[in-house]
Amino acid sequence: PEATMAQRISRAKAKLRGRRFDLPADPAARLRSVREVLYLLFNEGYTSSGGPDLARVDLSGEAIRLARMLHGHAPEDTEVAGLLALMLLTEARLPARTTADGALVPLARQDRSLWDRALISEGLQLLNATLAAGRIGEYQLLASIAALHDEAASHASTRWAQIAKAYAKLESLTGNPMVRLNRAVAVAMVEGPSAGLALLEGLEL
């Protein structure tokens, strides 16, 4: 009940009043959890799971704001930088992602002149800086794929071979079947549908 929750919140506030919060003994493990939560928040904003609108810019915008804060507190964490770059490079496409009545526009048909070039530029600078550190992780690879899409003048001129290689590295890191599916699409763009379908044999989603 609402009254019970209000009492619990009041007791928690009283207990924490005046307390000082320090970084945990194992910040790397905590940072991983925070990155995951921020990525989930961003994805819920970029493609809403409910409601009348495809996107909720309040959620994706808040995820970016918090990711900027996290990057400011942990500038040495390459995956935090990769996550922020991924968000910026993805959010940049938002203006072209829907029609005037809110219908989804596939990436291949989007008007790329509507993409936010300032966000793309910021995302690319951040990505290039973190890749130079040489410690490549999941979010950096996802950001690299987003960058390859954003840099392409058209869907046809996208460097699909590079995207396929990035997905292959990502699959080796995560073992995620959805990554294999995306890799198959990229391979099909380079080598043809048969090559893409061959990657899906035995795949369980």
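Based on the Cβ-Cβ distance of A103 and Q125, what FRET efficiency does E = 1/(1 + (r/R0)^6) give at R0 = 25 Å, to the nearest 0.05? Provide the component values of the computation, followed by the final result.
On the way: r = 33 Å, r/R0 = 1.31.
Result of the calculation: an efficiency of 0.15.
Could you list which residues have their amide H under 5 Å from that of T98, counting only those 5 or more apart in sequence or on another chain, with H placed in the peptide plane?
Amide H to amide H, under 5 Å and 5 or more residues apart or across chains, T98 pairs with V105.
Quick check for you: with a 1.4 Å probe and neighbouring chains kept, what is the accessible area per residue of segment 102-205, in Å²?
Details: 5790 Å² over 104 residues.
Result: 56 Å² of accessible area for each residue.
Relative to the longest principal Cα axis of the chain, at what angle does helix 138-151 sit, 0 to 90 degrees, rounded to 10?
50
Give the residue from L200, I163, L131 lying farthest towards the positive end of the charge dipole for segment 113-205; charges sit on Cβ (+1 for Lys and Arg, -1 for Asp and Glu) and the dipole is referred to the Cα centre.
In segment 113-205, that residue is L131.
Based on the alpha-carbon gyration tensor of the chain and its eigenvalue square roots a ≥ b ≥ c, which shape applies: rounded if a/c is under 1.5, prolate if not and a/b is larger than b/c, or oblate? Provide the component values of the computation, followed by the final result.
Details: a/c = 1.84, a/b = 1.58, b/c = 1.17.
It is prolate, given that a/c is not under 1.5 and a/b is the larger ratio.
For the chain, which longest stretch is free of loop sites, where a loop site is one of the trypsin sites (Lys or Arg not before Pro) that DSSP puts outside H, G, I, E and B and that has at most 13 other Cβ atoms within 10 Å? Can you show the working numbers first?
Numbers: sites that count: R17, R19, R20, R135.
Counting only loop sites that pass the neighbour cut-off, the longest clear stretch is 21-134.
List the GluC sites (Glu not before Pro) in segment 1-83 that DSSP assigns to loop (not H, G, I, E or B) and whose Cβ has at most 12 other Cβ atoms within 10 Å. Which are they?
Numbers: sites: E2, E36, E44, E62, E76, E79; in loops: E76.
Loop-located and lightly packed - E76.
For labels at Q162 and L16 in the simple 7 Å Cα→Cβ model, what's the distance in nm?
Each label point is offset 7 Å from its Cα along the Cβ direction, giving 4.4 nm.
Below 8 Å between Cα atoms, with a sequence gap of 6+, how large is the relative contact order for the chain in percent?
Numbers: 231 pairs, mean separation 26.9, N = 205.
Relative contact order here is 13 percent.
Where the accessible area of segment 1-85 is counted over protein heavy atoms with a 1.4 Å probe, how much of it, in %, is carbon and sulfur? Show your work: numbers first, answer last.
Working: 3470 of 6000 Å².
C and S fraction of accessible area: 58 percent.
What is the dipole size for segment 145-185, taken about its Cα centre, with +1 at each Lys and Arg Cβ and -1 at each Asp and Glu Cβ, in debye to the nearest 20? Intermediate results must be reported in sequence, preceding the final value.
Numbers: 5 positive and 3 negative charges, 36 e Å.
Roughly 180 debye, rounded to the nearest 20.
Can you give the FRET efficiency for T174 and R30, using 1/(1 + (r/R0)^6), R0 = 22 Å, r = Cβ-Cβ distance, to the nearest 0.05? Before the final figure, lay out each step's value.
Values: r = 20 Å, r/R0 = 0.92.
FRET efficiency, T174 to R30: 0.60.
The values are calculated or read from the model by the stated rules, or taken from the named source; none is laboratory data. On a predicted model such as this, the values are computed, not experimentally measured, just so you know. Using ideal geometry, Cβ is built from the backbone for each residue, glycine included, and neighbour counts are taken over all protein chains shown. In case anyone asks, the SASA skips ligands and DNA or RNA and just uses the protein heavy atoms, side chains included. Shrake-Rupley method; radii C 1.70, N 1.55, O 1.52, S 1.80 Å.
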